[in-house]
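Report on one structure; see the data block that follows.
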Amino acid sequence: MDVALFTNRTIICYFALAACVSVLAFGTLVPAAWSSTAVDREGSARVAATYDKNPVSPDLYPNQYESSEQLLVRESIKVKGPRSFRFEFNAYILAMNSSDRTSLSQTLINSSSEVNRASALDRHWYRTEKLDGYLTVDRLSVSRSVGRAEINAGRFPISLSTMSIFTPNDFFAPYRPLDFYRDYKPGVDAVRVDYGIGKKGQVSAIGVAGYDVPQIVSRAGEQNQGSSRFLVGNSAILARAAQTLRGFEVAAFAGKLATDNIVGASMQGGVRQVGLRGELHQKWSRVTAGLNQAQAVVGADYRLNPKIVIAGEQFYNGAGYANPSGYEGLFNNPTPSLVLGQLYSGIAGIYEVTPLLQLRTLLVVNDSDRSFLISMRGVFSATERTDLSLVVLAPHGPPPQKFVLKSEFGAYPMVVSMQASVYF
């Protein structure tokens, strides 16, 4: 048991957050008006058993086969009060067991970005050779509408992306190819103000806190805890403007993102039955001069019939490499992801076999090194509040040799995961 679970510092942080919520919730409201308050709560429990077949690379994967189990219990509460006040709380308890917690496979599967999340709301309460336990507050925020302004503060999700496969404009705790459980997007510590202009316009100011932690944290590895030390250099300040024109939403943003200055834009809309989307951004590093950090993606989706939807996207990553010869030395990054190549293609499909059975497929191709990853997920609604899932991740590409990457997805394990979820 982590003896630092209830340190004075942790207790102070929790009481401070509770005090802030109380002041924002009740300080400016008339108590009698709370008869109109609405409370929505939802709980869920998920059990998953995962089996990995690692690439043939004895230097990086001593074990060809690995297994892991997870139990995640989540509680979500949303409160709607008078005067457009809203409060959201979302937390989970996670228990993880693995045959080899230090393996690269476990690091790849269980990694996340924690640079914009304070560790004060994340407790690593149990740890043994194979088992880890976490208590994490995923969302804790308050919001109010004041005239045309919407103010949101605390821990809540932020994404400026309009895409579904490649999301270069999703800067804060983005999903990765191996994140096959995407029901809840993690929140980040931030303040956001949205102000409506006319009937179809909006301007936004976004501030996101940054902390002194590595860019990627693995729940299964040695680096499995974030930091509460605020770091200005890892923080972000962005301004965004959006306008809907002829059925298309067009947006532009600019500001500071960690150690980069950034400008970007996005659009989304539709022509008849075809949905069209695109987004891009350009970064200028204040640390590494001359580094090309432009990213752009375009895509379309089409509903073939009431049961089948397909989508395709093409992604350009200016910071990537045109061929795998540029990967040498990159394995110092413990979590290879969709950032190594210059060009990627993605095709996704959703097929509703029956009202109770849905199949989702995803093909991601690194056009620069010709490796690819196929993801397939079937979800069966056994009852109104119970889902059974089978997930298969099948990568293809030359495996690493002596700590040198020969392809991006060739370094990934083949994964089969069986899951059961209950909602209450």
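Any idea which residue in segment 405-424 is surrounded by the most Cβ atoms within 10 Å (Cβ to Cβ), counting only those that are in contact with a Phe, Trp or Tyr (Cβ under 7 Å, 6 or more places away or on another chain) and aliphatic (A, V, I, L, M)?
Checked segment 405-424; the qualifying residue surrounded by the most Cβ atoms within 10 Å (Cβ to Cβ) is Leu405.
Report whether or not Tyr302 is at pLDDT 90 or above and closer than 30 Å to Thr354 by Cβ. Working first, answer last.
Numbers: at pLDDT 90 or above: yes; closer than 30 Å to Thr354 by Cβ: yes.
Against the criterion (at pLDDT 90 or above and closer than 30 Å to Thr354 by Cβ), Tyr302 qualifies.
For Leu135, which of the numbered conditions (1) modelled with pLDDT of 90 or more; (2) in contact with a helix residue (DSSP H, G or I) (Cβ under 8 Å, 6 or more places away or on another chain) fails to hold?
In the conditions (1) modelled with pLDDT of 90 or more; (2) in contact with a helix residue (DSSP H, G or I) (Cβ under 8 Å, 6 or more places away or on another chain), Leu135 misses (2) alone.
Starting from segment 251-273, keep only residues that are outside any strand (DSSP E or B), then list their pairs with residues that are modelled with pLDDT under 90 and not aliphatic (A, V, I, L, M) whose Cβ atoms are within a distance under 8 Å, requiring at least 6 positions of separation or different chains.
Listed pairs, sorted by first residue: Ala258/Gly233; Ala258/Asn234; Thr259/Gly233; Thr259/Asn234; Thr259/Ser285; Thr259/Arg286.
Using beta carbons and a limit of 9 Å, which pairs, at least six apart or on different chains, have the first residue in segment 386-411 and at positive phi and the second one assigned to a strand (DSSP E or B) and among the hydroxyl-bearing types (Ser, Thr, Tyr)?
As it stands, the answer is Gly397/Ser371, since those pairs meet every condition given.
Do we find that Phe253 is modelled with pLDDT of 95 or more and either crowded, with 17+ Cβ neighbours inside 10 Å or among the charged types (D, E, K, R) (or both) in this structure? Talk me through it step by step, then tell me what you get.
Values: modelled with pLDDT of 95 or more: yes; either crowded, with 17+ Cβ neighbours inside 10 Å or among the charged types (D, E, K, R) (or both): yes.
Answer is yes for this residue.
Would it be correct to say that Gly207 is surrounded by fewer than 19 Cβ atoms within 10 Å (Cβ to Cβ), among the small types (Gly, Ala, Ser), under 24 Å from Glu88 (Cβ atoms) and modelled with pLDDT of 85 or more?
Working: surrounded by fewer than 19 Cβ atoms within 10 Å (Cβ to Cβ): yes; among the small types (Gly, Ala, Ser): yes; under 24 Å from Glu88 (Cβ atoms): yes; modelled with pLDDT of 85 or more: yes.
Answer is yes for this residue.
Hey, does segment 80-91 have a residue that's modelled with pLDDT of 90 or more and more than 22 Å from Val188 (Cβ to Cβ)? Give the derivation first.
To start, the set of residues in segment 80-91 that are modelled with pLDDT of 90 or more comprises 80, 85-91.
The next check asks that each one be more than 22 Å from Val188 (Cβ to Cβ); those that pass are 80.
Yes - at least one qualifying residue is present in segment 80-91.
Would you point out the residue of segment 157-200, among those that are of a type in the set (Phe, Trp, Tyr) and at pLDDT 90 or above, that is farthest from Gly299 (Cα to Cα)? Break it down stepwise before answering.
To start, the set of residues in segment 157-200 that are of a type in the set (Phe, Trp, Tyr) comprises 166, 171-172, 175, 180-181, 184, 195.
Among the residues that remain, those that are also at pLDDT 90 or above are: 166, 171-172, 195.
Values: Phe166: 9, Phe171: 19, Phe172: 22, Tyr195: 29 Å.
Here the residue is Tyr195.
Across segment 223-244, which residue is farthest from Ser111 (Cα to Cα) among those that are of a type in the set (A, V, I, L, M, F, W, C) and at pLDDT below 90? Working first, answer last.
First pass over segment 223-244, keeping only residues of a type in the set (A, V, I, L, M, F, W, C): 230-232, 236-239, 241-242.
Going one step further and asking which of them are at pLDDT below 90, we end up with 230-232.
Numbers: Phe230: 21, Leu231: 21, Val232: 24 Å.
Taking the candidates together, the pick is Val232.
The values are calculated or read from the model by the stated rules, or taken from the named source; none is laboratory data. All values derive from a computational prediction rather than experimental measurement. Don't worry about glycine lacking a Cβ; one is built from the backbone with ideal geometry, like all the others, and counts go over all protein chains shown.
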